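See below for the structure under consideration.
Here, each number is a calculation from the coordinates, and none is a lab measurement. The model shown is predicted, which means the values in this text are computed figures rather than measured ones. Methodologically, a virtual Cβ is constructed for each residue, glycine included, from the backbone with ideal geometry; neighbour enumeration extends over all protein chains shown.
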Amino acid sequence: MTVVLGVDSSLTSTGLAWLNATNPAEPEWITRRVLSKPPEDGHDLFARARRIRRIAKTVAEFPGDVEGPLCGADVIVLEGVAFASKTAYAREIAALWWRTVDELAVALPAARLVVVPPASRAKYATGSGRADKHEVLAAVRETYPAADVPQHDVADAVALAAIGARIDGFPVEQVARPWVMDVAEQVARRAMEKEQG
């Protein structure tokens with residue numbers, strides 16, 4: 001049995017994809033967006049910290065409406081932080097990422113954590129690490145028709161969950177994508193190297 005949680009972390013719209021890949025021919029998907037507005041007083045650091053905590057807690061509680069032994073996850077796949085980002089919110093984005101890792105470590109302590117660079121996620125979805133969000137969205141909708149993919153943030157999370165399923169030996173691509181094996185192997189190799197330290 002393999003259950004994967006894909007997380008595309010964002011201050012405004014975090015994408016989540018829960019995937020039961022036990023039967024790869026009929027994968028079970030639950031997707032969601034965690035929307036969040038910035039505090040009215042952008043200078044209120046406590047309000048900004050509370051926003052980060054709320055988002056991370058919501059991620060760790062997803063999917064709360066699934067009952068039984070499949071409600072957790074065997075593998076958590078997070079998109080890594082884009083270190084080249086020049087946004088003014090770079091520190092808050094990094095804080096959200098680490099807070100999410102912390103909340104997931106408490107909620108799902110037995111799960112394996114895999115971190116995927118943004119370019120690897122895009123390449124897995126489209127074949128190109130430089131694909132834009134519209135290309136990723138279109139490719140994910142075509143490749144995983146059973147998943148509800150309303151926006152690009154969820155598309156990213158679906159691609160991340162699919163990477164985790166493939167790494168665990170449960171590929172769920174419904175459309176042939178010749179590059180996915182190479183990308184998954186690279187991600188798995190990097191994850192193993194980090195674990196070995």
Could you run the Debye sum over the Cα atoms of segment 3-196, one equal point scatterer each and no solvent, and tell me log10 of I(q)/I(0) at q = 0.09 Å⁻¹, two decimals?
-0.30
Hey, can you grab everything whose amide H is under 5 Å from the amide H of LEU113? Only 5+ residues off in sequence or another chain; H modelled, so Pro and N-termini drop out.
ILE76
Working from Cα positions, state the angle (0 to 90°, nearest 10) between the long axis of helix 90-107 and the longest principal axis of the chain.
60
Using the Cβ atoms and a cut-off under 12 Å, what net charge is assigned to the surroundings of PRO24, where Lys and Arg are +1 and Asp and Glu are -1?
-3
Helix axis angle, 180-196 relative to the chain longest principal axis, alpha carbon, degrees:
60
Helix 133-143 against the longest principal axis of the chain: what's the angle in degrees, Cα atoms only, rounded to the nearest 10?
40
Kirkwood-type radius of segment 93-167, with distances r between different C-alpha atoms, in Å
13.2
Once label points are set 7 Å from the Cα along Cα→Cβ at both GLU173 and GLU193, what is their separation, rounded to one decimal in nm?
2.3
